[in-house]
1. How much mean residue ellipticity at 222 nm does the chain get from its helices, if each DSSP H run of length 4 or more adds -39500 (n - 2.57) and you divide by all residues, to the nearest 500 deg cm²/dmol?
2. Taking the Cβ of MET252 as the center, what net charge do the other residues with Cβ under 15 Å away carry, scoring Lys and Arg +1 and Asp and Glu -1?
3. Once the other residues with Cβ under 13 Å from the Cβ of LEU335 are scored (Lys, Arg +1; Asp, Glu -1), what is the net sum?
4. Take the cross-link list LYS30/LYS145; LYS254/LYS350; LYS35/LYS196 and give me the ones stretching past 28 Å between alpha-carbons.
5. Taking amide H positions as placed in the peptide plane 1.01 Å from N, state which residues far from LEU129 in sequence (5 or more) or on other chains have amide H under 5 Å from it.
6. Relative contact order of the chain: what whole-number percent is it, with Cα pairs under 8 angstrom and at least 6 residues apart?
7. When the gyration tensor of the chain is built from Cα positions, what are the square roots of 5 times its three eigenvalues, in whole Å, from largest to smallest?
8. Checking the a/c ratio against 1.5 first, then a/b against b/c, what shape does the Cα gyration tensor give for the range 300-391?
Amino acid sequence: MIERDNILKLNQKINWAPAVAILGPRQCGKTTLAKNFGASTQKEYIYLDLESPSDKLKLEDAESYLQFHKDKLVIIDEVQLMPQLYSILRSVIDSDRRNGRFLLLGSAAPHLVNGVTESLAGRISFLELGPLNIEEISRKGFDWKQHWFKGGFPQAFLTQSELEWEDWMSAFIKTYVERDFNLLFGSSINTVTISKLWQMLAYNQGSIWNAELYSNSLGVSAPTANRYFEFLEGAYLVHRLPSFIPNINKRMVKAPKIYIRDSGFVHFINRINNIENLYSHPIIGQSWEGYVIQQIYARKLASTEMHYYRTQNGAEVDIILSKALKPIACIEIKLSNSPVISRGFYNAIKDLNTMNNYVITPNSETYPHKNSLVCSLEYFLKNHLARIEAL
């Protein structure tokens, strides 16, 4: 088993709030993390899966059931399937305000779930769990190249053959499209449209979001295209990287860039079935860029924001890390280990006046270049991310 970094954060959060919600895509390891945590505590725990009819039946009188088990840690999986629980939890928590009572697991962003009207503000802490990240697999001696190619969903990453990996990916996408979106969001979603949108996003990894362009290709209205994109985003399958808009007199590109969060999906949808084919495929640059963005996103602090920066005059940088709207680092992503760095990157550094600037490559040696540092992704994550966030 690959130990997850989030276990440390979960230990902290469970002592801070009556309820902790672990949110992330299906099959990313939420249930395993929660059960391992429950087994490691001195407190007795019970586990309820709301996809199980028998477990759902237990919560027909949820208030009485939860009060009966008030001295146990209650783990509720796929909580979005019973949205009325939120109001009941609010009442139960307020009647006995102790920390660490509930661990809620969800595969959909709460604000997109129909019927979620009650707020648990002040009663709940959120923890996002994504697929396996590069540091988690590296500790077990796995190769980052296979992680990049296969993606980080545990079952997909641990497959023993390319055929087994393709089979898992195909089944996952088919299940999500044909069943899970309607199950998660309680909406009547056109499965053909959501499937086409997912494919288009994978073909155009890292592109600027243009609702009109996508809606025309899909044969739907722009509001519908936006709503379907929100479902993909709310299922933690795609990532919106917003544009950084500084307080300077520049003409900016303001629309967000869009990335499929897991690189394995990008490769499967683009019919890339092994690492050798990836290196000869036109999508490789965008794939590497999305992979780096997701690995930094998985490791950064919640208070650190990520943007990209692009002006109409050619200044451009792939990632801006900022705190309280102040840029703290510029990051350029290059596939080559001997990168040629464009003038646009240094123009962006000049615009934003950042002192910490990086060119991230797959596995180059570390060396300074003008007012930036060229280094590998793993080196940056281990030696620089936490340092610049602490400044």
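We did not get these values from a lab; they are worked out from the coordinates using the rules stated. Treat the numbers as computed from the prediction; the structure is a model and nothing was measured. Positions of Cβ are generated from backbone atoms using ideal geometry, with glycine treated the same way; all protein chains shown enter the neighbour counts.
1. -11500 deg cm²/dmol
2. +3
3. So the environment of LEU335 carries a net charge of -1.
4. Among LYS30/LYS145; LYS254/LYS350; LYS35/LYS196, the Cα-Cα distance tops 28 Å for LYS35/LYS196.
5. Sorted by chain and number, the residues that satisfy this are LEU23, GLY24.
6. Across the chain, relative contact order equals 13 percent.
7. Each semi-axis is the square root of five times an eigenvalue, giving 36, 24, 22 Å.
8. oblate
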